[in-house]
Amino acid sequence: MTLVTAGVVVLDCAEPEKLAAFYMELLEAEETETTVNRIEIRGAGGTRMEFRLDANMTVPSWSRAENSFQVHLDFRVTDLDEAERRVVGLGGRSLETKDAGTPFEERGYSDPAGHSFTLRQVTPTAPEQR
């Protein structure tokens, strides 16, 4: 018997419904469970997230040196410019970031509640099957 099952990323926020709606659109997700304090979604690619009510939540700040060990989300995309337009159109905002020094092109953003995340462009390794 497995003691620990698959985990889920939980973001604390003052308005779970609004934040869940942002990520549902971004990830083409569906709502899978709702309680008084939480909303869970599952993205088309299998990503699971929950949004937990925290009326006293402090908006994270990134990328300041004193917050350098803060957790952030990382989403892989095949078209970085199109994904950026989607994020901004849904209410996210671009964060000023320095070159990450990796072979991947990536850009930093924050969601409407201030949580930081990265969109990282990856090139498919296998040809598209039709």
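The values are calculated or read from the model by the stated rules, or taken from the named source; none is laboratory data. Just so it is clear, the structure is predicted and the values come from calculations on it, not from any experiment. The accessibility values were calculated without ligands, DNA or RNA, using every heavy atom of the protein model including side chains. Shrake-Rupley method; radii C 1.70, N 1.55, O 1.52, S 1.80 Å.
Within segment 56-83, if we keep just the residues that are of a type in the set (Val, Ile, Thr) and under 14 Å from the mean Cα position of the chain (by Cα), the residue that is modelled with the lowest pLDDT turns out to be 71. Checking each residue in segment 78-96 for being open to solvent by 60 Å² or more (accessible area, probe 1.4 Å) and among the acidic types (Asp, Glu) picks out 79, 81, 82, 96. Residues in segment 49-58 that are open to solvent by less than 90 Å² (accessible area, probe 1.4 Å) and in a loop (DSSP other than H, G, I, E, B): 54, 55, 57. Among residues that are at negative phi, among the charged types (D, E, K, R) and at pLDDT 85 or above, residue 93 is included.
Take the residues in segment 13-48 that are open to solvent by 50 Å² or more (accessible area, probe 1.4 Å) and part of a strand (DSSP E or B); name whichever of them is nearest to residue 73 (Cα to Cα). It comes out as 48.
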